[in-house]
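Participant: Here it is, the structure in full.
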Ligand code: GLN
């Protein structure tokens with residue numbers, strides 16, 4: 001098979017070719033390794049997707065001639081992994097200077113499950129520092145560029161993962177989503193991104209941002225690949241007390257029609273603040289859903305407009321606590337020649353963290369301080385409960401909720417860095433689902449000004465199988481014209 005033919009394959013198709021013996025795992029690995037390494041070597045002239053790339057195919061890949069059997073369903077397919085997943089002996093820095101060169105002594109459960117299924121680690125991907133951001137401009141390792149237009153951002157915080165998959169530098173990738181970090185970059189790069197139900201995938205070994213929201217999930221070329229990767233990741237892990245046994249096995253999606261499916265469109269997330277071109281694509285997607293036999297009706301998520309305000313109290317509060325461990329004592333960066341302990345802490349954290357992370361730590365610490373706790377954190381939690389109730393009420397009337405994934409297409413590098421509030425608005429449509437802990441997928445639904453637009457489909461907790469099926473049917477009807485090879 002030629003390299004061009006190999007690059008045309010989805011990850012599932014590549015796995016099938018390997019299983020059939022028409023492609024070797026080593027050949028597949030080498031095609032991607034060469035492309036990923038070239039991007040890394042190009043530095044600022046490339047997309048800057050990666051913070052680490054494997055030097056060569058692992059022994060197991062070279063040796064595995066019987067790859068792709070049922071026991072190792074991902075055998076031979078290389079995987080790019082967001083920097084914040086701990087990978088034993090491989091730099092895991094969460095996009096931060098404070099963890100520069102950190103080599104963890106263990107591997108995150110999500111990654112080790114995928115390795116057990118046969119996936120091999122191709123690269124670690126660039127991200128916003130500690131996953132705080134919507135543009136990948138908050139990385140200590142430089143911004144990632146969008147392969148559709150290099151003067152634009154790929155979205156964030158899983159920007160390196162999204163850009164790598166869109167540009168055909170990795171067959172698929174792992175990301176994390178706290179308020180939109182899988183779905184929004186997937187939308188801006190024209191690929192598929194799934195945030196699973198909170199608890200579906202173990203968080204063990206993920207460098208924490210906001211523990212009650214963080215979820216790992218796939219960034220892929222199509223819905224089938226997302227299902228395959230998810231299938232191998234889910235499940236209870238005794239090392240993460242919030243992980244749950246998925247109530248049934250994840251199945252690969254096959255649906256082509258949507259007869260009997262009812263979609264709800266919340267007025268609150270589909271009107272004001274959404275760019276005209278995005279809305280146009282969104283409404284065209286609703287027409288495709290109707291063509292497939294679905295019903296579309298209005299629903300209300302009355303508290304959704306308050307989701308961002310609640311999120312920007314809850315997420316920084318949890319972050320301020322999670323990030324307290326980075327103090328220069330045990331690992332990571334330490335300021336040189338400190339005068340005393342306090343000076344060591346202060347300078348380590350000042351120099352090691354970037355501006356956005358420091359801003360969140362201060363916001364979070366303030367929100368949790370005694371006397372303010374109830375006014376801010378307590379109140380935000382009450383809003384969170386209201387948002388969950390809104391979804392519960394909506395899902396009594398409709399099967400899934402449809403919204404645009406992001407209010408705009410990819411914006412210019414530097415365009416929003418001076419205005420955190422306008423940056424935070426990038427997650428206007430994704431944060432409500434994060435607060436409610438429900439699954440949501442972004443699939444590409446068209447182009448506006450030549451740039452990809454994402455359609456978000458959200459379902460009730462643990463509805464992944466039906467969600468993936470519905471997304472698969474929509475994907476077929478939308479026939480998004482933007483294969484990675486053409487980027
Ligand atoms: N952009 C949001 C933030 O900055 C969400 C990030 C995420 O999901 N990790 O917090």
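The values are calculated or read from the model by the stated rules, or taken from the named source; none is laboratory data. Just so you know, these numbers come straight off a predicted model, no measurement behind them. All Cβ positions, even for glycine, are placed from backbone atoms using ideal geometry, and neighbour counts span all protein chains on display.
Participant: Got a number for residues in the range 142-174 being within 16 Å of the ligand (Cβ to nearest atom) and under 11 Å from residue 79 (Cα atoms)?
Facilitator: 3
Participant: Let me ask something additional. Hey, any hits in the range 409-418 for a residue that's within 21 Å of residue 192 (Cα to Cα), more than 16 Å from the ligand (Cβ to nearest atom) and crowded, with 24+ Cβ neighbours inside 10 Å? Walk me through it before giving the result.
Facilitator: Going residue by residue through the range 409-418, those that are within 21 Å of residue 192 (Cα to Cα) are 409-411.
Remaining after also requiring more than 16 Å from the ligand (Cβ to nearest atom): 409.
Add one more test, that the residue is crowded, with 24+ Cβ neighbours inside 10 Å, and what stays is 409.
Yes: one or more hits.
Participant: Of these, 165, 192, which one is in contact with a strand residue (DSSP E or B) (Cβ under 6 Å, 6 or more places away or on another chain) and over 18 Å from residue 85 (Cα atoms)? I'd like the intermediate steps shown before the answer.
Facilitator: Numbers: 165 fails: over 18 Å from residue 85 (Cα atoms).
Of the residues listed, the single one that is in contact with a strand residue (DSSP E or B) (Cβ under 6 Å, 6 or more places away or on another chain) and over 18 Å from residue 85 (Cα atoms) is 192.
Participant: I'm told residue 261 meets every condition in (1) touching a residue at least 12 places away in the same chain (Cβ under 8 Å); (2) surrounded by fewer than 17 Cβ atoms within 10 Å (Cβ to Cβ) except one. Can you identify the failing condition by its number?
Facilitator: (2)
Participant: A further question on this structure: Name the helices (runs of 4 or more DSSP H) wholly inside the range 1-92 in which the number of residues that are buried (at least 23 other Cβ atoms within 10 Å of the Cβ) and within 25 Å of the chain's Cα centre (by Cα) is 2 or more.
Facilitator: Values: elements: 3-8, 11-20, 25-41, 59-63.
Ranges flagged: 11-20, 25-41.
Participant: For the range 116-134, indicate whether the set of residues that are part of a helix (DSSP H, G or I) and more than 16 Å from the ligand (Cβ to nearest atom) is non-empty. Break it down into steps so the answer makes sense when it comes.
Facilitator: First, the residues of the range 116-134 that are part of a helix (DSSP H, G or I): 116, 129-131.
Remaining after also requiring more than 16 Å from the ligand (Cβ to nearest atom): 116.
For the range 116-134, residues part of a helix (DSSP H, G or I) and more than 16 Å from the ligand (Cβ to nearest atom): present.
Participant: Here is a further query. Answer yes or no as to whether residue 459 is crowded, with 18+ Cβ neighbours inside 10 Å, within 16 Å of the ligand (Cβ to nearest atom) and either under 22 Å from residue 227 (Cα atoms) or modelled with pLDDT under 95 (or both). Before you say what the answer is, go through the steps one by one.
Facilitator: On the way: crowded, with 18+ Cβ neighbours inside 10 Å: yes; within 16 Å of the ligand (Cβ to nearest atom): no; either under 22 Å from residue 227 (Cα atoms) or modelled with pLDDT under 95 (or both): yes.
Against the criterion (crowded, with 18+ Cβ neighbours inside 10 Å, within 16 Å of the ligand (Cβ to nearest atom) and either under 22 Å from residue 227 (Cα atoms) or modelled with pLDDT under 95 (or both)), residue 459 does not qualify.
Participant: Show me the helices (runs of 4 or more DSSP H) found entirely inside the range 377-472 where at least 1 residues are under 22 Å from the mean Cα position of the chain (by Cα) and without any contact (Cβ under 8 Å) to a residue 40 or more places away in the chain.
Facilitator: On the way: elements: 379-397, 420-424, 431-436.
Once the helices (runs of 4 or more DSSP H) in the range 377-472 are filtered for at least 1 residues that are under 22 Å from the mean Cα position of the chain (by Cα) and without any contact (Cβ under 8 Å) to a residue 40 or more places away in the chain, what remains is 420-424.
Participant: Please state which one of 268, 275, 238, 251 is under 25 Å from the mean Cα position of the chain (by Cα), within 30 Å of residue 113 (Cα to Cα) and in contact (Cβ under 8 Å) with a residue 12 or more places away in the chain. Outline the logic, then answer.
Facilitator: Values: 268 fails: within 30 Å of residue 113 (Cα to Cα); 275 fails: within 30 Å of residue 113 (Cα to Cα); 238 fails: in contact (Cβ under 8 Å) with a residue 12 or more places away in the chain.
Of 268, 275, 238, 251, the one residue that is under 25 Å from the mean Cα position of the chain (by Cα), within 30 Å of residue 113 (Cα to Cα) and in contact (Cβ under 8 Å) with a residue 12 or more places away in the chain is 251.
Participant: Condition test on residue 186, is it surrounded by 24 or more Cβ atoms within 10 Å (Cβ to Cβ) and part of a helix (DSSP H, G or I)?
Facilitator: On the way: surrounded by 24 or more Cβ atoms within 10 Å (Cβ to Cβ): yes; part of a helix (DSSP H, G or I): yes.
Answer is yes for this residue.
Participant: Consider only pairs whose beta carbons are under 6 Å apart and that are at least six residues apart or on different chains; among these, list those whose first residue lies in the range 212-225 and is assigned to a loop (DSSP other than H, G, I, E, B) and whose second residue is within 13 Å of the ligand (Cβ to nearest atom).
Facilitator: 213/178; 213/434; 214/176; 214/178; 214/203
Participant: Of the residues 290, 334, 297, 339, only one is over 28 Å from the mean Cα position of the chain (by Cα), under 25 Å from residue 91 (Cβ atoms), more than 16 Å from the ligand (Cβ to nearest atom) and at pLDDT 95 or above; which?
Facilitator: Details: 290 fails: under 25 Å from residue 91 (Cβ atoms); 297 fails: under 25 Å from residue 91 (Cβ atoms); 339 fails: under 25 Å from residue 91 (Cβ atoms).
So the residue among 290, 334, 297, 339 that is over 28 Å from the mean Cα position of the chain (by Cα), under 25 Å from residue 91 (Cβ atoms), more than 16 Å from the ligand (Cβ to nearest atom) and at pLDDT 95 or above is 334.
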